[in-house]
Amino acid sequence: MKTAYLYNRFERFWHWVQSGLIIMLALTGFEIHGVYQLFGFRTAHEIHIFCGWAWLVLYAFILFWLATTGEWKQYIPTTKRIYEVARYYLIGIFQGQAHPVPKTERIKHNPLQRLTYLLIAMFLLPIQMASGFVYYYYNSWPAWGWTNLSLALIAFLHAACALAILTFLVVHVYMTTTGHSVFGHIKAMITGWEAVAEEEGSASSAE
């Protein structure tokens, strides 16, 4: 094992800001739906709209950053050893087994992470943002000719995606405790430095 600088400032910045935005969107979104009262409906609605637009802008910058830095390569899906990784998280991790695809400087994400992150970034988040946009402009539907669009369907789709994203966030936070130490991964996302495997032993294991 060795310590390597894996996450630069922008990567750490968007990671934490996106998490904060998701939490605020969930809090205000559930309040808008009448689940509880925390900020008050009007304030919750204003916060929700602001965070929604902020997330859309941040998402655009993230995609630009991935495209221009070459970090998009970290998300190229692969099925090689994906079953071993899945078995590790289901069984092996509780038996103290070593990770079948350890993190290295060149390969940050294992096959299961690559597939999960790609599906979220390319499908779940766009659907969530698009449904939120359509939801927000409900009063403009007649002028746009969207007379046959169902508000109930859009609301359901938006809420379902929100629950899926929130579920991922909870699981993601749990997974941060499964590193070399309980707070190892969280510390890495604060400082940028993390303990990784030697490249020779794992460079080809996830490709």
Query raised in the report: Do we have any residue at all in segment 31-38 that's under 21 Å from ALA130 (Cα atoms) and open to solvent by less than 60 Å² (accessible area, probe 1.4 Å)?
Result: yes
Query raised in the report: Which one is farthest from VAL101 (Cα to Cα), of the residues in segment 36-90 that are basic (Lys, Arg) and part of a helix (DSSP H, G or I)?
Result: ARG42
Query raised in the report: Of TYR75, TYR5, TYR59, which residue is in contact (Cβ under 8 Å) with a residue 12 or more places away in the chain, touching a Phe, Trp or Tyr at 6+ places or on another chain (Cβ under 6 Å) and closer than 19 Å to PHE168 by Cβ?
Result: TYR75
Query raised in the report: Which members of segment 68-113 meet the condition of being among the charged types (D, E, K, R) and touching a Lys or Arg at 6+ places or on another chain (Cβ under 8 Å)?
Result: none
Query - Candidates ILE107, ILE23, ILE93 - the one that is of a type in the set (Val, Ile, Thr), open to solvent by less than 70 Å² (accessible area, probe 1.4 Å) and assigned to a helix (DSSP H, G or I) - result: ILE93
Report task. Say whether the condition of being among the β-branched types (Val, Ile, Thr) and under 19 Å from LEU63 (Cα atoms) is met by at least one residue in segment 121-138. Result -> yes
Query raised in the report: helices (runs of 4 or more DSSP H) wholly in segment 118-207 with at least 2 residues that are loosely packed, with under 15 Cβ neighbours inside 10 Å and at pLDDT below 90 - which ones?
Result: 199-202
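Would segment 39-57 turn up any residue that is closer than 29 Å to VAL196 by Cα and open to solvent by 70 Å² or more (accessible area, probe 1.4 Å)? Spell out how you get there, then give the answer.
Pass one, segment 39-57, residues closer than 29 Å to VAL196 by Cα: none.
The answer is no; no qualifying residue exists.
The values are calculated or read from the model by the stated rules, or taken from the named source; none is laboratory data. Fair warning: this is a prediction, and the values are worked out from it, not measured in the lab. We place every Cβ from the backbone using ideal geometry, glycine too, and count neighbours over all the protein chains shown. Ligands, DNA and RNA are excluded from the accessible area calculation, which covers all protein heavy atoms including side chains. Shrake-Rupley method; radii C 1.70, N 1.55, O 1.52, S 1.80 Å.
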